[in-house]
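Engineer: Submitted below is the structure of interest, expressed as structure tokens.
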Ligand code: DON
């Protein structure tokens, strides 16, 4: 698994008198001039075609973003939002925040019933959606960094929607799995479940209404979506069905450019996601807690390694629950959370031999410091421009509501707020008042597009879907590459663990050795098996682009 030749491994193994060398994992996909790693193949090929025709990584990202809205309706979207991290070959970086915002009529307790208990309205149906951000976000990225004509970047998506494409096995299964929620809404049932009959494997899937919407966006830019015909379709349907989003909400929505968070770790430079993502703070804080802990000595996949990972995760997720939220509404104590003295104190509270019960871990900042389903793709072009983009409808197929006449699903991102501070949301995340609902506010996210450089040159581009488990997965992949010298594919595929403070459970993947799990149990961990976030990553190494699509899910790495 390590980046050393098989011959050397064999030599070491034979010298040690052992018989079986460690298994080599899968190779990554190689490229020289361009690489796109996405969770759906047709969209990945759209991105490569843009790069081959002279477009840059941002052009390709815009085209892939729109294509996934057609070919991967599970998470690709026009009706959701996300984050795009760009690092240009000249060294500049930028973070485009196109996270959904709460509509003007949203309120603190809007998802509580008369007994004060949270309802499912934040997850399914017309009231679950924040104001979509994707179209404005892709447009802002294109205006700032794109080089190809906007309409040309939408054309592949328009063609895929109008002419159709064969339904993959993954897609067929996925629609079956979500039949319960999609069939509640007539337009979703008609389009995605073929009126209830369901699509077969390889059957042609066409989306004429979506092709129309994309055509209008190609012609007039985001104006159509936020002020024009599409805006009217959204607002009218919302008014008719008890939803909250109005024309004024749409007109007022802005994508924002923010400054990425940055930090150093073991000779590498990490560029990552600022609030309203909680992910970048998490990556930098957890990496800093691990630095100097000596955790690497236990070896990748050992109980000792997983113990340290779980303990730094537990401490970060406790902080996440209290301190973080939309920077337009709350003061995020980032400097305090990353302060070396605070990080030292948190690291020192880790018992090398025992799990710390979560009830003994609180959000730890001193007062003085106070101040479902998603998709990710990574792109690197031949100039060395990099894009890491994660966007989402939240749950698979979002709120399950399709805008009639417009052909796209709306998000249920309102569930990422704390509907009731102190109680868990869909991902089991317990969150506080800083992430409570208010008009115009953006819910705290775990999406963590991240780019790592070495000596000023791009080294690793990565991110993942997977709700709360995104942050811990991105951390583990970067540790496996940096500290355990795995190639990027092995790092992406390597079994992971996740601990999010509450519930006090260690989630372990099937590939984690049962011996490690038994040792962890002796140290005080209660574990359960689960599948964690799917990382899409590119490593840039000695002139090679190495693409890794996660074996846990669908998709393809395409390079040339
Ligand atoms: O922004 C967030 O943290 C969530 N809405 C992400 C949802 C997600 O990754 C679901 N995927 N499995």
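Engineer: Taking the Cβ of each residue in 501, 383 as the centre, tally the other Cβ atoms inside 10 Å and list the residues starting with the fewest.
Structural biologist: Listing 501, 383 from fewest to most nearby Cβ atoms yields 383, 501.
Engineer: Regarding the stretch 121-180, what whole-number volume in Å³ per residue does the convex hull of its Cα atoms give?
Structural biologist: It is 144 Å³ per residue.
Engineer: Can you work out the base-10 log of I(q)/I(0) for the stretch 299-412 at q = 0.13, 0.20, 0.21, 0.22 1/Å, using the Debye formula on its C-alpha atoms alone?
Structural biologist: Results for the stretch 299-412 at q = 0.13, 0.20, 0.21, 0.22 Å⁻¹ read -0.83, -1.07, -1.09, -1.11.
Engineer: Also: Please arrange 246, 448 by how many other C-beta atoms lie within 10 Å of their C-beta, fewest to most.
Structural biologist: Ordered from fewest to most neighbouring Cβ atoms within 10 Å, 246, 448 come out as 246, 448.
Engineer: Would you list 351, 493 from fewest to most Cβ contacts within 10 Å?
Structural biologist: In order of increasing Cβ crowding within 10 Å: 351, 493.
Engineer: Going by a ≥ b ≥ c, the root eigenvalues of the Cα gyration tensor, does the stretch 430-560 fall in the rounded group (a/c under 1.5), the prolate group (a/b larger than b/c) or the oblate group?
Structural biologist: Note, shape of the stretch 430-560 comes out oblate.
Engineer: Post the alpha-carbon centroid distance, the stretch 139-176 to the stretch 84-112, in whole angstrom.
Structural biologist: Taking the Cα centre of the stretch 84-112 as reference, the centre of the stretch 139-176 is 21 Å away.
Engineer: Beyond 30 Å, how much of the Cα-Cα pair distribution for the chain remains, as a whole percent?
Structural biologist: For the chain, the share of Cα pairs beyond 30 Å comes to 47 percent.
Engineer: Another question, then. If each residue of separation counts as 0.36 nm, what is the full-extension length gain between residue 362 and residue 348 once their alpha-carbon separation is subtracted?
Structural biologist: 3.6 nm
Engineer: Quick one: pull the percentage of alpha-carbon pairs in the stretch 124-235 with a separation above 21 Å.
Structural biologist: Distances greater than 21 Å cover 49 percent of the Cα pairs.
Engineer: If every alpha-carbon in the stretch 247-332 counts as one equal scatterer, what log10 I(q)/I(0) does Debye give at q = 0.14, 0.15, 0.19, 0.22 1/Å?
Structural biologist: Normalising to I(0) and taking log10 leaves -0.61, -0.67, -0.93, -1.11.
Engineer: Restricting to the chain, compute how many DSSP beta bridges are antiparallel as a %, nearest 5.
Structural biologist: Here the share of antiparallel DSSP bridges comes out near 95 percent.
Engineer: Let me ask something else. According to the Kirkwood expression over distinct Cα-Cα pairs, how big is the hydrodynamic radius of the stretch 187-252, in Å?
Structural biologist: Final number for the Kirkwood radius of the stretch 187-252 is 13.5 Å.
Values in this text are rule-based calculations from the coordinates and carry no lab data. What you see is a predicted model, and the numbers here were worked out from it, not measured in a lab. Neighbour counts are summed over all protein chains in view; Cβ atoms, including those assigned to glycine, are modelled from backbone coordinates with ideal geometry.
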